[in-house]
């Protein structure tokens, strides 16, 4: 997952777009005024307050996988590899094992015909 050390208006606007929210809906989502969201769009270098930094961190963390991909693409970071944590690797290995067992059963059924 992309981690933002210090959010700027550019990052916040990229998250808003990734979540596919209007200025008003994003403001409501964060519990702020729509004017603040508009300022982020107008001043992409603007750094939100520490409280808003945390709210944006939480919003990104809670976003769905598609929104996270859109967020990284909106920032031009889509070429960076995404790290897999141990739980994700375990799930991936389990899925590969399940797939291998299904394929083996299909091959066996095909040979028995």
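In the set (1) surrounded by fewer than 17 Cβ atoms within 10 Å (Cβ to Cβ); (2) free of Cβ contacts under 8 Å to residues at least 40 places away in the same chain, the condition left unmet by residue 26 is number (1).
Would you point out which residue out of 21, 92, 108 is in a loop (DSSP other than H, G, I, E, B) and free of Cβ contacts under 8 Å to residues at least 24 places away in the same chain? Checking each option against the conditions leaves just 21. Here residue 38 passes the criteria (1) assigned to a loop (DSSP other than H, G, I, E, B); (2) surrounded by 11 or more Cβ atoms within 10 Å (Cβ to Cβ) except the one numbered (1). Here residue 44 meets each of (1) surrounded by fewer than 17 Cβ atoms within 10 Å (Cβ to Cβ); (2) part of a helix (DSSP H, G or I); (3) touching a helix residue (DSSP H, G or I) at 6+ places or on another chain (Cβ under 7 Å) with one exception, condition (2).
Residue by residue, here is whether (1) more than 13 Å from the chain's Cα centre (by Cα); (2) within 18 Å of residue 2 (Cα to Cα) holds:
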position	(1), (2)
17	no, yes
21	yes, no
27	yes, no
44	yes, no
56	no, yes
62	no, yes
73	no, yes
76	yes, yes
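Quick note: the coordinates plus some simple rules give every number you see, no bench work behind them. Note that the coordinates shown come from a computational prediction; the quantities given were computed from them, not determined experimentally. Heads up, the Cβs are rebuilt from the backbone with ideal geometry, glycines too, and the neighbour counts pull from every protein chain shown.
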